[in-house]
Structure formats: C-alpha cells, structure tokens
C-alpha cells in the first residue's frame, strides 16, 4: 500500500531481476547460463536458446541454472519438454541445478528432480 503522501517510505518494493541468458561455446560443448527470474514473459527466450543449440551438431548442451533465482510453472514446463526431447535426441542435454531455494523448492514439490540427475 502506498503512503498518502506518495513517498516510498515504508513501501515494500520487490526487486525483480529479469532473466538473463548467456551462451558460451567451448570445444564441443555449449553452456546456456541462466540468471534472474524466469516466468511467462521470459520463458520464450530460454526455449529459443535451447532449440537453437539442439539444431547444431554440438556434442553437449549444458543448461546452467546455478544463478536462476525463480522459475514458474511455464519455465519448468520448457525445461521438462527440453529434457524429453533430449532423451529422443541422444542425451546431449544436461542441467546444473539452481542454488536458490525458490527453484529447488519448486523442483522438490513437483518431483521433477530426476531431470537434473
């Protein structure tokens, strides 16, 4: 709730860090590093980055979620679909799990941890 005098005193502003995707190729591997928050408005960027990597002859695709601080159900869905495609495409994709509680909690609650093994 905003104070009557329109100041920010006492307001709780939540800092949202938008999803940032950095791809780095080294040898026969590409790492797609994620940081920030992934939700409905940003999930298309990740889907495109993974699919672009899948359409190459690269040997290994790593999705590094170490610095991913939030993911919603749409983001989890993109990761699960990529994992399913991976099983059909020679197991080139692997995941580095997030270190952030919001993400690890979602993975635990949805029992999707096997995706990260």
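We did not get these values from a lab; they are worked out from the coordinates using the rules stated. These numbers come from a predicted model, not from an experiment. Cβ atoms come from the backbone with ideal geometry, glycine included; neighbour counts cover every protein chain shown.
Details
- In this simple spin-label model, placing a label point 7 Å from the Cα along the Cα-to-Cβ direction at both residue 88 and residue 28 gives a separation of 2.5 nm.
- Rg over Rh for the chain works out to 1.10, using Cα positions for both radii and the Kirkwood form for Rh.
- Cβ-based exposure ranking for 16, 63, 43, 96, in which fewest neighbours within 10 Å come first: 16, 96, 43, 63
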